[in-house]
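Peer 1: A single structure is presented below for examination.
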Amino acid sequence: MEKAELPHFDVLPQHVAIIMDGNGRWAKSRNLPRTEGHKVGGRVFRMICDYAADLGIKYLTFYAFSTENWKRPQQEVDAIMDLFRDYLFEMEDRKAENEERGYNIRFIGEKTGMPEDILNLFGTVEGDSEKQNKTHINIAVNYGGRKEIVHSVKEIALKVAAGEISADDINEEMISDNIYTAGQPDPDLIIRPSGEYRLSNFLTWQSAYSEFWYSDILWPDFTKEDFNKALEEYSKRHRRFGGI
Ligand code: FPP
């Protein structure tokens, strides 16, 4: 999209995080298998990713698969894993375009339990994009916010055990430095479609001061206009509460 065609927002969040919810219900309402909802959800993910980057949002985090999602029927889990594979192969193919767009892609979540081939592809896509700095895209896969905090605390405990730091040195910054999003700003805005009003273990540590935007729209129906609405509301809230 040409820059001139893009809408203007008085205040743009630096970091937007999205819970891509409602794929199953979207499919059910059309008498389609749930996996069709995920397929369309995957397309919407790509579209919003590029659109948000075009708008100039520097950090994006998408909740694609939680540590709890393994409880779903095996066929659905397998279909979601296949969608990740499709996306990862596509990112490899799009390497030059991603470089031009300045995409830095990071997969955040537990590595244990993930299929080996997907982990390898994560490594390739992360490696290919690690030097880029225009738009940071975090994709949360096998992610749980509480597990992330435990992971951070364990890293710090190792430093205490090794005598590198003392327990008294532990502070908030240290926890932030050892979570998966280390080095990135916390999300300013968290978007959850599908009429659910919870965080569902998403960015538990990072969301302490985030603004939330909810909508009844199901993720496969989510459009650029919905994204604009969330940004518009964010900019108003920011104007009301920010600054003097
Ligand atoms: C939540 O909707 C969605 C998921 C658990 C899967 C999200 C996966 C994708 C959007 C596709 C692939 C992603 C990438 C990064 C290529 P739900 O199934 O819980 O919906 P429901 O609440 O209506 O059942």
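The values are calculated or read from the model by the stated rules, or taken from the named source; none is laboratory data. This is a predicted model, so every value here is computed, not measured. We place every Cβ from the backbone using ideal geometry, glycine too, and count neighbours over all the protein chains shown.
Peer 1: From the list Ser200, Ser215, pick out the single residue that is at positive phi and out of contact with any strand residue (DSSP E or B) (no Cβ under 6 Å at 6 or more places or on another chain).
Peer 2: None of the other options fit; the residue is Ser200.
Peer 1: Here are Arg46, Arg34: which of them is closer than 20 Å to Gln74 by Cα and either within 16 Å of the ligand (Cβ to nearest atom) or surrounded by fewer than 18 Cβ atoms within 10 Å (Cβ to Cβ) (or both)? Explain how you work it out, then say what you get.
Peer 2: Working: Arg46 fails: closer than 20 Å to Gln74 by Cα.
After ruling out the rest, the residue left standing is Arg34.
Peer 1: In the set Ile170, Ile217, Ile165, which member is over 24 Å from Glu126 (Cβ atoms), touching a Lys or Arg at 6+ places or on another chain (Cβ under 6 Å) and of a type in the set (Val, Ile, Thr)? First the steps, then the outcome.
Peer 2: Numbers: Ile170 fails: touching a Lys or Arg at 6+ places or on another chain (Cβ under 6 Å); Ile217 fails: touching a Lys or Arg at 6+ places or on another chain (Cβ under 6 Å).
The match here is Ile165.
Peer 1: Report, by residue number, each residue of segment 75-127 that is aromatic (Phe, Trp, Tyr), assigned to a helix (DSSP H, G or I) and either touching a strand residue (DSSP E or B) at 6+ places or on another chain (Cβ under 8 Å) or at pLDDT below 95 (or both).
Peer 2: Phe84, Phe122
Peer 1: Residues of segment 67-118 being in contact (Cβ under 8 Å) with a residue 40 or more places away in the chain, within 17 Å of the chain's Cα centre (by Cα) and surrounded by fewer than 14 Cβ atoms within 10 Å (Cβ to Cβ), which ones?
Peer 2: Residue satisfying the conditions is Glu68 alone.
Peer 1: Could you please tell me which pairs satisfy a Cβ distance under 6 Å, a separation of 6+ or placement on different chains, a first residue in segment 200-228 that is more than 20 Å from Gly183 (Cα to Cα), and a second residue that is assigned to a strand (DSSP E or B) and of a type in the set (D, E, K, R)?
Peer 2: Partner pairs satisfying both residue conditions: Tyr214/Arg192.
Peer 1: Can you name the number of the only condition in (1) touching a strand residue (DSSP E or B) at 6+ places or on another chain (Cβ under 8 Å); (2) among the hydroxyl-bearing types (Ser, Thr, Tyr); (3) over 13 Å from Ile137 (Cα atoms) that Thr35 fails?
Peer 2: (1)
Peer 1: Filter segment 1-31 down to the residues that are more than 27 Å from Ala79 (Cα to Cα) and either within 8 Å of the ligand (Cβ to nearest atom) or surrounded by fewer than 18 Cβ atoms within 10 Å (Cβ to Cβ) (or both) and list them by number.
Peer 2: At the first step, the residues of segment 1-31 found to be more than 27 Å from Ala79 (Cα to Cα) are 1-15.
Met1, Glu2, Lys3, Ala4, Glu5, Leu6, Pro7, His8, Phe9, Asp10, Val11, Gln14, listed by residue number.
Peer 1: Of all residues in segment 193-209, count the ones that are surrounded by 19 or more Cβ atoms within 10 Å (Cβ to Cβ) and within 18 Å of Ile108 (Cβ to Cβ). First the steps, then the outcome.
Peer 2: In the first step, residues of segment 193-209 are kept if they are surrounded by 19 or more Cβ atoms within 10 Å (Cβ to Cβ); the result is 193-194, 202-203, 206.
When the remaining residues are screened for being within 18 Å of Ile108 (Cβ to Cβ), the result is 202-203, 206.
So the count comes out to 3.
Peer 1: Now for a different question. Could you say which residue among Lys131, Lys154 is part of a loop (DSSP other than H, G, I, E, B), more than 15 Å from the chain's Cα centre (by Cα) and surrounded by fewer than 17 Cβ atoms within 10 Å (Cβ to Cβ)? Please lay out each step first, then the result.
Peer 2: Numbers: Lys154 fails: part of a loop (DSSP other than H, G, I, E, B).
So the residue among Lys131, Lys154 that is part of a loop (DSSP other than H, G, I, E, B), more than 15 Å from the chain's Cα centre (by Cα) and surrounded by fewer than 17 Cβ atoms within 10 Å (Cβ to Cβ) is Lys131.
Peer 1: Kindly establish whether Gly56 is under 19 Å from Ser194 (Cα atoms) and of a type in the set (Gly, Ala, Ser).
Peer 2: So Gly56 does not fit the description; no.
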